[in-house]
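J.: This is the structure I have questions about; it appears just below.
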Amino acid sequence: MFYIGVDGGGTKTRFSLMDEEENIVATVEKGTCHFNQVGFDGLENLLNEGLKELLLKANVKQRDVKRGCLGLAGYGKVKSAIPKIEGIVDGVFKGIEVLLFNDVHIAHAGALAGIDGIVIIAGTGSIGYSLKNGENKRVGGWGYTIGDEGSAYWIGKKAIEYFSKQADGRVAKGRLYDVFREKLELEDDYDLIKYVNEKIKADRGEVARFARICSKAAIDGDINAIDIFNQAGKELSLLINVLAKDFGDNKVVASYIGGVFNSEELILKPLRENIDKGIELVEPKYSPEIGACLLAKYNKNNQ
């Protein structure tokens, strides 16, 4: 028998198929399935396409799948959307027992391989999530219009702000200014306004991509870009420190997931420096969709 794990995030959706020996036999990646971005019809279409492509790629029949586990961004936040999402999932995965969670739950399952502890997710958005004795708690995750501090969007927005300051002379020009000009092929500094507002229409995912520009500038020594990552690390440490209080004096294990951590020590160094004593920061063991596969196999439906 086989098990399906799905990580439906705000930027991409990954489907993986695992066999009884816990080998990943096929993986498919699609775009975001967040209902706020693609609507409920878009969610249904993407799940249908992803499931069909996954089974075709692995040459496996749907009847040979014992159980699936999906972690979907936004699931559980909007109460009125819950029955709609559940109905769509039941229809797409007809005949397959399905566990359905928010995407942060499967990220935790993957990063810490099912043990109690804390995981912070910093991709397009950011959130902290802990699991202790079957009880979970969330911190952050308020969305980009309110918070999502330390996320790729937050870093990208800060990078845009510093570009404008460097262009104006409010702060000294550095590599951030040069990298923006090079990567976006700006002929004039003010072309950035048109680029952000008209070309990418201030899209959250596109703004989040500017975090890569910030990372490049920081590696090249731009003090403003480095400061952005230092701020981001401190913001993310607050998520861990708040959640760690529930563990009392016990040793706490924390891990991390998300594209922001592709910047490695730029973000990990300030994160380590700002988490409280007694918290052990460890590398994630598995990716979220693998965490979902493991939840499916062992039928761990505790939320």
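The values are calculated or read from the model by the stated rules, or taken from the named source; none is laboratory data. Every value quoted in this text rests on a predicted model; they were computed, and no experiment measured them. Here Cβ is always computed from backbone atoms with ideal geometry, including for glycine, and neighbour counts include all displayed protein chains. Heavy atoms of the whole protein, side chains included, go into the accessibility calculation; ligands, DNA and RNA do not. Shrake-Rupley method; radii C 1.70, N 1.55, O 1.52, S 1.80 Å.
J.: Out of all the residues in segment 71-85, which are open to solvent by less than 20 Å² (accessible area, probe 1.4 Å), modelled with pLDDT under 90 and in a helix (DSSP H, G or I)?
T.: Within segment 71-85, Ala81 is the sole residue that qualifies.
J.: What number goes with the only condition from (1) part of a strand (DSSP E or B); (2) surrounded by fewer than 16 Cβ atoms within 10 Å (Cβ to Cβ); (3) of a type in the set (Lys, Arg); (4) free of Cβ contacts under 8 Å to residues at least 40 places away in the same chain that Arg63 does not pass?
T.: (1)
Yes/no matrix, rows are residues, columns are (1) of a type in the set (A, V, I, L, M); (2) within 20 Å of Ala107 (Cα to Cα); (3) part of a helix (DSSP H, G or I):
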position: Arg14; (1), (2), (3): no, yes, no
position: Glu21; (1), (2), (3): no, no, no
position: Glu29; (1), (2), (3): no, yes, no
position: Cys33; (1), (2), (3): no, yes, no
position: Gly39; (1), (2), (3): no, no, yes
position: Leu47; (1), (2), (3): yes, yes, yes
position: Leu55; (1), (2), (3): yes, no, yes
position: Cys69; (1), (2), (3): no, yes, no
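J.: Look through segment 40-60, keep the residues that are in contact with a helix residue (DSSP H, G or I) (Cβ under 6 Å, 6 or more places away or on another chain) and loosely packed, with under 15 Cβ neighbours inside 10 Å, and return whichever of them is modelled with the lowest pLDDT.
T.: Here the residue is Phe40.
J.: How many residues does segment 1-39 hold that are among the β-branched types (Val, Ile, Thr), open to solvent by less than 20 Å² (accessible area, probe 1.4 Å) and touching a residue at least 40 places away in the same chain (Cβ under 8 Å)? Explain how you work it out, then say what you get.
T.: Step one: list which residues in segment 1-39 are among the β-branched types (Val, Ile, Thr), which gives 4, 6, 11, 13, 24-25, 27-28, 32, 38.
Next, only the ones that are open to solvent by less than 20 Å² (accessible area, probe 1.4 Å) stay: 4, 6, 13, 28.
From what is left, the residues that are touching a residue at least 40 places away in the same chain (Cβ under 8 Å) are 4, 6.
Residues in segment 1-39 being among the β-branched types (Val, Ile, Thr), open to solvent by less than 20 Å² (accessible area, probe 1.4 Å) and touching a residue at least 40 places away in the same chain (Cβ under 8 Å): 2 in total.
J.: Looking at this structure, is Pro270 farther than 17 Å from Lys157 by Cβ, modelled with pLDDT under 95, open to solvent by less than 40 Å² (accessible area, probe 1.4 Å) and in contact with a helix residue (DSSP H, G or I) (Cβ under 6 Å, 6 or more places away or on another chain)?
T.: Values: farther than 17 Å from Lys157 by Cβ: yes; modelled with pLDDT under 95: no; open to solvent by less than 40 Å² (accessible area, probe 1.4 Å): yes; in contact with a helix residue (DSSP H, G or I) (Cβ under 6 Å, 6 or more places away or on another chain): yes.
Here the answer is no, as Pro270 does not meet what is asked.
J.: Specify the residue that is least open to solvent (accessible area, probe 1.4 Å); the eligible residues are those in segment 99-157 that are part of a loop (DSSP other than H, G, I, E, B) and hydroxyl-bearing (Ser, Thr, Tyr). Even if it seems obvious, please write down each step before you answer.
T.: Here is the first cut: in segment 99-157, the ones part of a loop (DSSP other than H, G, I, E, B) are 112-116, 123-125, 133-134, 141-151.
Next, only the ones that are hydroxyl-bearing (Ser, Thr, Tyr) stay: 124, 144-145, 151.
Details: Thr124: 20, Tyr144: 102, Thr145: 111, Ser151: 0 Å².
Among those residues, the one meeting the criterion is Ser151.
J.: Just checking, does segment 86-96 include any residue being touching a His at 6+ places or on another chain (Cβ under 9 Å), outside any helix (DSSP H, G or I) and modelled with pLDDT under 95?
T.: Checked against the condition, which is being touching a His at 6+ places or on another chain (Cβ under 9 Å), outside any helix (DSSP H, G or I) and modelled with pLDDT under 95, segment 86-96 yields no hits at all.
J.: Is it true that Arg181 is assigned to a helix (DSSP H, G or I) and within 17 Å of the chain's Cα centre (by Cα)?
T.: Taking the combined requirement at face value, the residue does not satisfy it.
J.: Exactly one of these conditions fails for Ala254: (1) more than 20 Å from Cys214 (Cβ to Cβ); (2) of a type in the set (Gly, Ala, Ser); (3) modelled with pLDDT under 95. Give me its number.
T.: (3)
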